[in-house]
Amino acid sequence: MTFSALSHLECPRCGATHDADQIIGLCPCGSPLLARYDVPALRKEDLASRAPDLWRYHELLPVRSPENVVTLGEGMTPLLPLPRYGAELGVDRLLMKDEGLIPTGTFKARGAAVGVSRAYEVGVRKIAMPTNGNAGSAWAAYAARAGMEALIAMPIAAPEICRREVTAVGARLQLIDGLIGDAAAYIRSLIQEQPGYFDASTLKEPYRIEGKKTMGLEIAEQLNWQLPDVIVYPTGGGVGIIGIWKALNELRDLGWIEGPLPRLVAVQSTGCAPIVRAWEKGLPESEPWPDAKTVAFGITVPKALGDFLVLQAIAETNGCAVAVDDEDLLAELHQVAQLEGSFICPEGAANFAAIRQLRESGWIRAGEQVVALNTGAGLKYPETVPPLPDLR
Ligand SMILES: Cc1ncc(COP(=O)(O)O)c(C=O)c1O
Ligand SMILES: [Zn+2]
């Protein structure tokens with residue numbers, strides 16, 4: 001049996017199809033490209049004997065040859081019940097998928113593992129990318145593992161640990177006095193001046209999303225293919241939520257899941273909520289958010305390339321988009337830590353502030369099962385904890 005059922009790349013905007021076995025970025029029309037697969041001859045039972053990492057879904061991943069898999073053991077993170085905190089929120093069937101327990105401490109390892117593996121497979125040896133921090137840490141680590149060069153451009157305001165992670169694994173780091181869009185502009189001009197780098201920016205290459213979609217595959221498998229009512233995701237570039245949506249549709253094509261898909265909720269901060277604003281106005285895509293600022297730094301994305309796909313994902317699943325205040329998300333971060341013993345990241349905590357709002361408004365109904373993605377470890381954000389008392 002073939003390792004990957006990858007067939008071709010398809011443009012979700014103009015419908016064009018492209019050969020997947022070439023080095024390629026965006027569709028010439030400017031849209032991100034999505035990987036499409038032949039429906040593999042795979043049964044649920046076949047998964048049972050496979051290792052508990054994301055490569056267990058290799059037929060639905062784009063890497064054609066197992067020798068090209070670059071792995072640090074990513075995937076199959078815990079799906080934890082949060083009974084005490086859930087009772088406090090009025091959501092008894094609350095689950096948290098904890099992506100803090102993965103190499104480099106955030107879900108970005110998934111996109112990097114698959115993105116770097118596939119880039120290597122089609123011949124890329126040097127990557128360059130803008131990042132809000134965590135994706136840079138992850139791509140630098142997997143590039144090192146693959147023996148590839150990496151250049152990472154990151155806002156000065158990104159978590160400091162991410163700078164250290166990038167330099168620790170030997171990648172080139174460029175700090176940018178600005179936001180992720182300014183880092184992206186730097187990368188664009190660098191690639192023009194120094195050809196040979198592959199632009200691995202969010203959604204400018206087609207395979208990061210394939211890694212991130214494994215969050216959706218795992219949620220379905222961990223719940224024994226019975227889907228939850230709602231999945232809540234902190235949305236920056238939007239790749240995670242689009243990936244989960246893509247995964248669920250692929251499982252439906254395989255015949256492994258039935259019925260309506262979970263309602264997908266895109267959560268942003270009131271300090272940077274372009275997708276929420278577009279959702280509320282009924283627009284097909286977002287407008288750039290001025291003066292973006294939030295403590296949940298990973299979701300500081302004033303204008304996402306894949307915004308139209310996020311809006312489509314939430315519309316088609318009867319989901320919604322919600323903005324939360326920094327103060328509220330920090331309060332939830334501390335409550336989750338104190339009631340459940342889990343120190344989550346601010347982006348993950350934003351979900352819980354949204355769940356509280358949605359339960360209070362009745363959008364989440366009593367008895368519904370809700371899955372929230374904690375996208376990273378609180379350990380990467382020690383500044384969210386108040387200064388310690390002097391114990392000497
Ligand atoms: C911890 C964390 N959560 C969420 C996000 C947003 O991810 P996405 O691009 O999938 O919307 C990021 C992006 O940097 C992040 O670092
Ligand atoms: Zn196109």
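A short reminder: the numbers here are calculations on the coordinates, not readings from a lab. Since the structure is predicted, the reported quantities are computational estimates derived from the model, not experimental observations. As a convention, Cβ positions derive from the backbone with ideal geometry for all residues, glycine included, and neighbour counts pool all protein chains shown.
Would you mind estimating how fast the range 111-262 diffuses translationally, via Stokes-Einstein at 10 °C and 1.306 mPa s with the Kirkwood radius over Cα pairs, in µm²/s?
The Stokes-Einstein estimate is 97 µm²/s.
Taking loop as defined by DSSP and a crowding limit of 10 other beta carbons within 10 Å, which GluC sites (Glu not before Pro) in the range 237-299 fit?
Here the sparse-neighbourhood loop sites are E258.
Listed highest first by mean packing, meaning other Cβ atoms within 10 Å per residue, what order do 267-277, 129-139, 177-187 come in?
Peptide ranking by packing, descending: 129-139, 267-277, 177-187.
Restricting to bridges with both residues inside the range 227-385, how much of the DSSP beta-bridge set is antiparallel, in percent to the nearest 5?
15
Which percentage, to the nearest 5, of the DSSP beta bridges contained in the chain is antiparallel?
25
Structure shown: which of K97/K303; K108/K213; K212/K281; K213/K281 lie over 18 Å apart, alpha-carbon to alpha-carbon?
Cα-Cα > 18 Å for K97/K303; K212/K281; K213/K281; rest within.
If you take the Cα atoms of the range 206-362, find Rg, then find the Kirkwood Rh from the mean of 1/r over all pairs, what is Rg/Rh?
The Rg/Rh ratio comes out at 0.96.
How large is the convex hull of the Cα atoms of the range 278-392 per residue, expressed in Å³ as a whole number?
In the range 278-392, the Cα convex hull volume per residue is 134 Å³.
Ranking request for peptides 54-61, 323-330: highest mean number of other beta-carbon atoms within 10 Å first, then the rest in descending order.
So the order, starting with the most tightly packed, is 54-61, 323-330.
Dipole size in debye (nearest 20) for the range 196-264 around its Cα centre, Lys and Arg Cβ +1, Asp and Glu Cβ -1?
200
Do any cysteines of the chain lack a neighbour Cys whose Cβ is under 4.7 Å away, and which are they?
C162, C272, C320, C345
For the chain, what are the per-bin percents of Cα-Cα distances with bins 20 Å wide, up to the bin holding the maximum?
Result, from short to long distances: 30, 61, 9, 0 percent.
What FRET efficiency would be calculated for the residue pair A315, D38, taking the C-beta separation as r and a Förster radius of 30 Å, to the nearest 0.05?
Calculated transfer efficiency: 0.60.
In whole Hz, what ³J(HN,Hα) sequence does the range 135-141 give by Karplus (6.51, -1.76, 1.60; θ = phi - 60°), x for Gly and Pro?
Karplus values, whole Hz, x for Gly and Pro: 5, x, 4, 5, 5, 4, 5.
In whole Å, what is the distance between the alpha-carbon centres of the range 80-135 and the range 165-219?
15
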